[in-house]
Amino acid sequence: MGRAFEYRKARKLKRWGNMSRTFTRIGKEISSCVREAGPDPNANARLRVLMQNAKAANMPKENVERAIKKAVSKDFTGYKDVVYEGYGPHGIAILVETQTDNPTRTVATVRSALTRYNGTLGTQGSLSFIFERKAVFKIKPKEGMDFDEMQLELIDLGADDFDQDEEEIIIFGAPDSFAKIQKYLEDGGYELISAEFERFANDYKDVTPEQRESINKLVERLEEDDDVSTVYTNMRELEEEE
């Protein structure tokens, strides 16, 4: 099953919580980015991408401005990106991405949720063989563009998979290719819809309806924590089974 197909399924099925949670996640990313490289989007390439992601998510402009203002405040200590890995009920792999200003608090919350639903917290990197991290760009097709030529040029920059329809082009690449692909797209005048890092399971597990229910309860419990930005599992989704 191709990565492009998995991406579209993930976009349809991903449980990032409600819109408020999405705004919180993007806001934290903006604040961290501004703290690291400054508030000027012209000089901060990552900030330009995050502001576009905010626009794509219909995040109010005042929320973006608040996140930038928070980052330049002398009281702001920043967020750490911490990934927690483990197994939930029925042997399902669980990977939890967090943005936290208190890792001690966050790890306790994640461990508590896993324990409550008969799961276990593993060591960092223990699931690297299951979940692959990729840079994912979504752009608008450009009039007169040569899609084949664009693919060849992007492959030289680290892209390794593509998907296209009438409304958008999706580009996948190695994480360290993010900056090079972003520059190519910006220099080429392509309209960027969004650019993010995503994870894809290399191996999916089938579950029964009863097992799915208990796994979903664990995911929902994890997502109740404001420090949690994204939860990934290798549970095969219902749409994939059909």
Original post:
Based on the Cβ-Cβ distance of Glu213 and Glu36, what FRET efficiency does E = 1/(1 + (r/R0)^6) give at R0 = 41 Å, to the nearest 0.05?
Top reply: 0.50
Original post:
Exposure proxy check: Lys183, Lys134 ranked by fewest other beta carbons within 10 Å?
Top reply: Lys183, Lys134
**OP:** List the extent of the Cα atoms of the chain along each of their three principal axes, largest first, rounded to whole Å.
**Re:** 53, 50, 29
Original post:
When the Kirkwood radius is taken over all Cα pairs of the stretch 131-200, what Stokes-Einstein diffusion coefficient follows at 4 °C and 1.567 mPa s, in µm²/s?
Top reply: 108 µm²/s
Subject >> Cα pair count fraction exceeding 13 Å, expressed as % - the stretch 52-96 >> reply: 71 percent
Subject >> Separation of the Glu143 and Lys70 label points, Cα + 7 Å toward Cβ, nm >> reply: 4.1 nm
Original post:
Just how far, in whole angstrom, is the stretch 100-128 from the stretch 151-195 if you go by their alpha carbon centroids?
Top reply: 33 Å
Subject >> Cα-centre dipole for the stretch 17-163 with unit charges at Cβ (Lys and Arg positive, Asp and Glu negative), debye to 20 >> reply: 1120 debye
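Read the figures in this text as sums done on the coordinates, not as results from a lab. A quick note: this is a predicted structure, and the numbers were derived from the prediction, not measured. Neighbour counts run over all protein chains shown; Cβ positions are idealised from the backbone, glycine included.
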